[in-house]
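The values are calculated or read from the model by the stated rules, or taken from the named source; none is laboratory data. This is a predicted model, so every value here is computed, not measured. No Cβ is skipped: glycine too gets one built from the backbone with ideal geometry, and neighbour counts run over all protein chains shown. Note: areas computed on protein heavy atoms with side chains; ligands, DNA, RNA excluded. Shrake-Rupley method; radii C 1.70, N 1.55, O 1.52, S 1.80 Å.
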Amino acid sequence: MDIYKTVKMETKEALCVMTLNRPGKYNALNDLMANELEDAFREFANDPSTRVAIITGSGKAFMSGADIEEIRERNPEENLAYNQKIMNAFSFLERQPKPVIAAINGFAFGGGLELALACTFRIAVSETKMGLPEVRLGILPGAGGTQRLPRLIGKEQALRMILTGGAIDASEALRLGLVMEVVPPKELMGKAHELAQAILDNGPLAVAMAKDAVEMGMQIPLEQALVYTHRNLTTLMLGEEMQEGLNAFIEKRKPFFTKK
């Protein structure tokens, strides 16, 4: 039985699929979904049986952004607390060691695009439209978009999207490097599962340590990042996972990596 009302979670063979589930509201992010996403992200991160997640949306949208009606009903202090909760949840998702694939099945605006930016990979359907329209409401992208987007596509292109509030289509998102692949709708989940399986075939600790090295390295100077990477490599070289990988290669067989 599902314990969440706005998020569906399915786990099978180390893969967790989270489906945003407010299709009647284009999966708009309200208080309940914010709370449930925070819990779902922690459940995924703390579940030793899962190693990769796919996040997608139900209906025609990935996530259309925040629920504007709820925003209008709150006072400024309540809205700031709500935004802080979302920002913390997205940051937690980004920093936890397991890769997360955003399977963008439709509209991804505001908080929806910010959620996708917090994921490790982004695959979009050809009909996708995405953007950060917050300035049109007299606010700014408050859940990480002002920081993650320029790091991904560069300052100038990010500012164009943020300061105009305009939408881009999937082909433009691909050109900018905002998404890694664009596929027909019927191929989206297949592509996401294919990428997930390619990751799952590898050493779980090696994947976690490699992701950690990249994420941390993006935030510190190069020389410090190299030292940090060497520390992670040392951990792997002193562990059993590397030995199994080497043995499997020499013996021409598939490695058997213990789940971590």
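For the chain, a Gaussian network of Cα nodes joined below 10 Å ranks Phe41, Phe109, Phe249 by mean-square fluctuation, and the top entry is Phe249. Just so you know, the averaged projected area of the alpha carbon convex hull for the stretch 45-189 sits at 8.9 nm².
With protein chains left intact and a 1.4 Å probe, residues in the stretch 200-253 average 70 Å² of accessible area per residue.
Residues whose amide H falls under 5 Å from that of Ile54, counting only those 5 or more places apart or on a different chain, are Cys16, Val17, Met18, Ile101, with hydrogens built in the peptide plane. Take every pair of alpha-carbon atoms less than 8 Å apart whose residues are at least six positions apart; their mean separation over the length of the stretch 27-127 yields a relative contact order of 37 percent. Secondary-structure-derived ellipticity at 222 nm for the chain, considering helices only, amounts to -15500 deg cm²/dmol, per-run term -39500 (n - 2.57) for DSSP H runs with n ≥ 4.
Using the Cα gyration tensor of the stretch 117-204, with a ≥ b ≥ c the square roots of its eigenvalues, what is the shape: rounded (a/c below 1.5), prolate (a/b larger than b/c) or oblate (neither)?
Verdict is prolate for the stretch 117-204.
Here the stretch 13-103 is treated with +1 on each Lys and Arg Cβ and -1 on each Asp and Glu Cβ, and its dipole about the Cα centre works out to around 340 debye. Ignoring ligands, DNA and RNA, what percent of the 1.4 Å accessible area of the chain is carbon and sulfur? The C+S portion of the solvent-accessible surface of the chain is 58 percent.
When the chain is treated as a Gaussian network with alpha carbon springs shorter than 10 Å, the biggest mean-square fluctuation among Asn46, Asn88, Asn75 belongs to Asn75.
Computed on the chain, with alpha-carbon pairs under 8 angstrom and 6+ residues apart, the relative contact order is 15 percent.
Go through Tyr228, Tyr26, Tyr82 and list them by solvent-accessible area, largest first, probe radius 1.4 Å. Numbers along the way, then the final one.
Details: Tyr228 45, Tyr26 110, Tyr82 20 Å².
Largest to smallest exposure gives the sequence Tyr26, Tyr228, Tyr82.
With contacts taken as Cα pairs under 8 Å at a separation of at least 6 residues, the stretch 137-191 carries a relative contact order of 26 percent. Calculation over all alpha carbon pairs of the chain in 5 angstrom steps from 0 returns a P(r) of 1, 6, 12, 16, 18, 17, 12, 8, 5, 2, 1, 0, 0 percent.
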